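The values are calculated or read from the model by the stated rules, or taken from the named source; none is laboratory data. Here the structure is a predicted model, which means the values were calculated and not measured. Every residue, glycine among them, receives a Cβ derived from its backbone with ideal geometry; neighbour counts consider all protein chains shown. When the accessible area is computed, the model is the full protein with side chains, heavy atoms only, and any ligands, DNA or RNA have been set aside. Shrake-Rupley method; radii C 1.70, N 1.55, O 1.52, S 1.80 Å.
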Amino acid sequence: MTIHPFFSPSPDTPPPAHIESIIKALNLEPHIEGGFFAETDRAQEKFPSPFPASHSNTIDLAPQRPGFEPGVRNASTTIFYLLTPQGPQGGFHRNLGRTVHTLHRGRGTYVLIHADEEGSSRRIETFIVGQNVEKGEKLQWVVDGGKYKASFLMPDEEGGEESKDGLLISETVVPGFEYCDHDFLSPEGLKNLVPKEKAEELEWLLSPLGKKR
């Protein structure tokens, strides 16, 4: 399967009014991975962090939230996440925690690189999220910690050319999300995970922030 974009990013073009109304209603703001987000829940239960000291390449890009305790994690966090035709992709990144995704509206493609698995060429997994479950589109999906994930917007209907409302999902991260448990995939890292030809095919899904690392 060749992986290619269906929409061209146009970050300087404001979203249309009906998408702006979704952003406003859900109190969304730009996310450094691409798209828009809002944290909707942070569990009050806390426990010692199961993760080693941070090796994240994101820390200097997104300051830790107020009250962050390096040795402690909340039990879970949940966000809304939105891709729009003006910002149609989320660049390759990974979290140390497990992420449970739930679709609300729209269609998209997810690309996973199983960097946590052994082998000289890591397994690549792709799937479509959408309402057509009879054709295998997913309403829920789980990405375990250590896997690189990218996503991009698809037309609302198979064979179509439009995405009316973008792709709106929820993500629940266990244990709760912290930027020090997150990192972006760099061009060099991509080449170390997959064959050269595949790296060239997937390079457009790298975050601009990952390209700077």
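Take the convex hull of the alpha carbons in segment 1-113; its mean projected area over all directions comes to 9.1 nm². So what is the 222 nm mean residue ellipticity for the chain from helices alone, if each DSSP H run of at least 4 adds -39500 (n - 2.57) and you divide by all residues, rounding to the nearest 500 deg cm²/dmol? Theoretical 222 nm ellipticity from helices: -3000 deg cm²/dmol. Of the peptides 132-145, 185-198, 96-109, the order by per-residue mean of other Cβ atoms within 10 Å, starting with the highest, comes out as 96-109, 185-198, 132-145.
Annotation: per residue accessible area for segment 1-152 equals 52 Å², rounded to a whole number [probe 1.4 Å, protein chains only]. A P(r) calculated from all alpha carbon pairs of segment 121-213, with 5 Å bins opening at zero, reads 2, 10, 18, 19, 20, 18, 11, 2, 0 percent. The simple spin-label model puts a point 7 Å past each Cα toward its Cβ; for H18 and D144 those points are separated by 4.0 nm.
Overall, the accessible surface of segment 57-213 at a probe of 1.4 angstrom is composed of carbon and sulfur to the extent of 49 percent.
In plain terms, if you count all Cα to Cα distances in the chain and split them into 5 Å steps from zero, the share in each step is 1, 7, 14, 20, 20, 18, 12, 6, 2, 0 percent. Model label points for R105 and S120, set 7 angstrom from Cα along the Cα-to-Cβ axis, are 4.9 nm apart.
With the convex hull of its Cα atoms as the shape, segment 93-143 has an orientation-averaged projected area of 4.2 nm².
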